[in-house]
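Take a look at the structure set out below.
We did not get these values from a lab; they are worked out from the coordinates using the rules stated. Not measured: the values here are computed from a predicted model. A quick note on method: Cβ atoms are made from the backbone with ideal geometry, for glycine too, and the neighbour counts reach across all protein chains shown.
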Amino acid sequence: MDQDLLQMGANALRKAALNNKTKEYILSDTGLYHTIKKAADRYIGGETLDETILKVKDQNKNGFKCSMEFMGENTLTEKKANAATNEFIQIAREIKNQTLHSTVSLDLSHIGLAISKDLCLSNLDSILKEAKNYNTEVIISAEGIERTDDIIEMYKTTSKTYKNVSITLQAYLHRTKDDFKDLIQESGRIRMVKGAFETPRHLSIPRGKELDHMYLNYVDQLLSKNHKCSIATHHNEIQQEVTKLIKKYKTNDDVYEFESLYGIQTEQLIELKKQGFSTKLYIVYGKEWYLYLCNRIAEYPLYLFRALNDMVE
């Protein structure tokens, strides 16, 4: 029963994450914004790029590679999409200017996909062109399943011109079996996540042993083919199984990376780094933290009590 309640809480949080009205309400109410942001602060780099760069520098000193993302999704005006694009271009510039060991991550709906594919493609091209000048990798994040086709199309289009673009695949989607076979033919890094978005039951695999096995199978294929990949999971058992695969295939450090989200179970990543494995911290920033916070707590709903404690302290 306890497990059922936790799953119910996780599902509710994922649904809440996609509620734009709730997000806009929180963003527009100063008191509510600052109260809930206390819970978000545990998981984000800050509200600004400058704040986040300080944390990236600290983590680089600790031996971690990083990825920076300016949070946002479902941008509905061209002005906002272009402004977000300029922010991502600035991230790429600062990575070069301040010699940061970091990549850039982004949601395509943040830079125009929710408006038009042409606008999104133009903005993505601008970001990739700037990042290419500094030999910086740009990783396209996964979004809701209604956008998966467009995201893959954008990735395949831009990867013809740019070798610094990578893509995220969600292991829990049934369709990923076919998408994976197609995308492993591309040279760009494949970032594997389990998947955090609410979907109709028939479209995805629920959390559990079957999904764990599926995730490991994808990583096994990537490592066996020496294909660049990110193992983006906090699941300790999976991480340990992947270390065995890395040793089995004698994979070089520049091919793979264990990736964890900033503020979540970083002790596991620290241990992997101590053992000599390639590690990376994913750090987000900005004011659009509502969806991100909901999804982080949804991964382990008991974190809700920690969030409440953060808000009242």
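Considering only DSSP beta bridges where both residues belong to the chain, give the percentage that are antiparallel (nearest 5).
Numbers: 1 of 31 bridges.
Here the antiparallel bridges make up roughly 5 percent for the chain.
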*Search the structure for amide H atoms under 5 Å from the amide H of Leu261, placed 1.01 Å from N in the peptide plane, and list their residues when 5 or more places away or on another chain.*
Tyr282
*Name the residues of the stretch 79-104 whose amide N is less than 16 Å from a point 7 angstrom out from the Cα of Asn135 along the C-beta direction?*
93, 95-104
_Cut-off under 5 Å, modelled amide H: who pairs with Leu173 long-range_ = Ile205
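Let me check against my output: what whole-number percent is the relative contact order of the stretch 45-288, with C-alpha pairs under 8 Å and at least 6 apart? Don't jump to the answer; show the numbers that get you there.
Working: 414 pairs, mean separation 51.9, N = 244.
Averaging sequence separation for qualifying contacts and normalising by length gives 21 percent for the stretch 45-288.
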*Which far-off residues, 5 or more places away or on another chain, put their amide H under 5 Å from the one on Ser166, with H placed in the peptide plane?*
Val138, Ile139, Ile140
*Distance between modelled label sites at Arg207 and Lys38, nm, 7 Å Cα→Cβ extension*: 2.6 nm
*Just subtract the alpha-carbon distance of His101 and Ser28 from 0.36 nm times their residue separation and send over the number in nm, one decimal.*
22.8 nm
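Once you have the Cα-Cα distance between Gln240 and Glu267, take 0.36 nm times their residue separation minus that, and quote the gain in nm to one decimal.
Working: separation 27, 0.36 × 27 = 9.72 nm, distance 1.38 nm.
So the chain would gain 8.3 nm between Gln240 and Glu267.
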*Rounded to the nearest 0.05, what FRET efficiency do Asp58 and Asp118 give with R0 = 30 Å and r taken as the Cβ-Cβ distance? Could you check?*
0.15
*Neighbourhood charge, 15 Å Cβ-Cβ cut-off, centred on Asn133 and excluding it, Lys, Arg +1 and Asp, Glu -1*: +1
_Distance between the stretch 187-253 and the stretch 100-140 - C-alpha centres, whole angstrom_ = 24 Å
_For the stretch 227-233, 3J(HN,Hα) per residue [Karplus equation, 6.51 cos²θ - 1.76 cosθ + 1.60, θ = phi - 60°, Hz, x = Gly/Pro]_ = 8, 4, 8, 10, 9, 9, 8
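If you count, for each residue, the other Cβ atoms within 10 Å and average over each peptide, how do 187-198, 171-182, 25-36 line up from highest to lowest?
Working: 187-198: 20.2, 171-182: 15.8, 25-36: 12.4.
Going by the mean number of other Cβ atoms within 10 Å, highest first, we get 187-198, 171-182, 25-36.
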